[in-house]
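Shown next, in structure tokens, is the structure this report addresses.
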Amino acid sequence: MARPNVRKGQHAGVGGGQRATRPGGVHLPYRFPGLGLPPPGSFDPGLEAQIRASQRGLIDLIEQTHRESKRTGQDVRQGQRKLGREERRSVSDIGRERGFATEDAAYAQGQLHTSFARDIESLAIARQRGEEDYQRTLVDMQHRYATTAAVQGERSLQQGTAEGGTTSATDAVRTANQAFDRGNVDTGHARSLFDLARSEDQARRDYGTQRGHIQTELERQLGQYDTAGTRLGQDTLTARHQLSLAALRAAQDRATKLSHAKREQTFYQTDVTGQAYFQAHQNNPNILFPTPAAAGGTSGAHPSAGGTFAPHVGHPVYHIGVGTGRAVSYPRRTARRAYTRY
């Protein structure tokens with residue numbers, strides 16, 4: 001049987017088994033099941049109109065499903081690009097913050113080292129000046145006692161008391177006084193050196209403590225940034241998987257809905273075909289339907305193979321598509337077979 005001529009912008013006929021074509025030349029990948037309706041006028045034409053309406057609805061559903069699939073793919077790709085852009089920005093921000101933290105730690109350590117060097121330098125200067133003052137004090141004290149000894153000697157000579165015992169007693173007293181004064185000076189100098197040494201030790205310990213604190217804080221910040229980077233990668237991967245999973249489930253739902261619609265369309269067309277043959281038989285009990293070759297026809301091939309069904313001898317050939325639900329009837333003058341479907 002020749003295929004009906006379906007022009008651009010039209011739907012295939014209800015019985016042609018043609019691929020549907022929407023306005024604008026959009027070909028949808030679906031072929032409706034072929035129909036073998038009785039001759040026109042033998043049944044209610046509203047049944048055929050119902051089939052065409054259901055086919056149009058299925059075509060609209062297929063087109064909508066394809067459009068949703070395309071848009072879902074676009075949305076997924078857009079979401080993937082957005083996630084990648086956000087991940088790159090976050091990674092860049094984390095890297096920049098890491099650089100700032102490292103620079104801040106280096107600056108703090110530099111400032112700490114400068115302050116420590118200044119403190120050590122100040123202590124060294126104080127120690128040097130203390131030593132100079134100590135030596136100057138000793139020299140001044142020796143000079144003073146030497147001057148006192150000379151004055152006392154001259155005075156003894158002038159007074160005529162420069163005797164051995166008197167001079168020895170005077171020297172002993174002067175030496176004792178000088179030793180006492182020297183002891184006070186040495187004690188003050190020793191205390192000053194002790195204080196300077198303690199200050200230097202404290203400065204060194206504070207320097208080590210603060211330097212360790214800066215390094216610990218830097219390592220803590222770097223660890224936080226590493227953790228943030230790892231979590232960012234995990235969250236991005238999870239979001240990508242969620243997008244893919246949502247797209248997969250949406251595709252499965254669309255495929256299920258479309259499969260159910262095609263199934264129901266097939267059963268619906270089969271049921272309506274049966275109704276049409278029943279009406280044709282009720283309207284004309286003596287009507288003769290074409291007999292499929294597979295059911296014992298004399299000649300002809302199945303319409304799905306491009307041929308026609310051969311009717312009983314003496315009856316014309318009906319050039320109609322034959323699909324599921326074909327019924328066969330015989331005239332009253334012969335042994336009548338019950339109304340059946342195969």
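Data for the structure
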read-out	value
In segment 73-123, residue nearest to Glu200 (Cα to Cα) [restricted to those that are within 29 Å of the chain's Cα centre (by Cα) and hydroxyl-bearing (Ser, Thr, Tyr)]	Thr102
Inter-residue pairs, beta-carbon under 6 Å, first in contact (Cβ under 8 Å) with a residue 24 or more places away in the chain and in segment 184-205, second surrounded by 13 or more Cβ atoms within 10 Å (Cβ to Cβ) and aromatic (Phe, Trp, Tyr), 6+ apart	His189/Tyr134
Single match in Ile62, Ile94 (criterion: surrounded by 11 or more Cβ atoms within 10 Å (Cβ to Cβ), touching a strand residue (DSSP E or B) at 6+ places or on another chain (Cβ under 9 Å) and in a helix (DSSP H, G or I))	Ile62
Hey, Gln142 over 30 Å from Arg205 (Cα atoms) and modelled with pLDDT of 75 or more or not	yes
Unique match (being within 26 Å of Tyr277 (Cα to Cα) and not hydroxyl-bearing (Ser, Thr, Tyr)) among Phe100, Phe43, Phe116	Phe43
Checking Pro290 against (1) in a helix (DSSP H, G or I); (2) modelled with pLDDT of 50 or more, the condition it does not meet	(1)
Qualifying residue in segment 44-61 (condition: of a type in the set (Val, Ile, Thr) and under 30 Å from Ala280 (Cα atoms))	yes
Residue check for Ala179: under 30 Å from Lys82 (Cβ atoms), of a type in the set (Gly, Ala, Ser) and either modelled with pLDDT under 95 or surrounded by 11 or more Cβ atoms within 10 Å (Cβ to Cβ) (or both)	no
Residue pairs meeting the criteria (Cβ under 7 Å; at least 6 apart or on separate chains; first under 12 Å from Thr170 (Cβ atoms), in segment 134-153; second part of a helix (DSSP H, G or I))	Tyr145/Arg174; Tyr145/Gln178; Thr148/Arg174; Ala149/Arg174; Gln152/Thr170
Top-ranked residue in segment 227-280 [being buried (at least 16 other Cβ atoms within 10 Å of the Cβ) and within 11 Å of the chain's Cα centre (by Cα); ranked as nearest to Leu37 (Cα to Cα)]	Leu243
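To keep it simple, each residue is scored yes or no on (1) at pLDDT below 85; (2) in contact with a strand residue (DSSP E or B) (Cβ under 7 Å, 6 or more places away or on another chain); (3) surrounded by 14 or more Cβ atoms within 10 Å (Cβ to Cβ).
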residue: Gly84; (1), (2), (3): no, no, no
residue: Arg127; (1), (2), (3): no, no, yes
residue: Ala150; (1), (2), (3): yes, no, no
residue: Leu157; (1), (2), (3): yes, no, no
residue: Val173; (1), (2), (3): yes, no, no
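The values are calculated or read from the model by the stated rules, or taken from the named source; none is laboratory data. This structure is a prediction, so every number in the text was calculated from the model and none was measured. Here the Cβ is made from the backbone with ideal geometry for all residues, glycine too, and neighbour counts use every protein chain on show.
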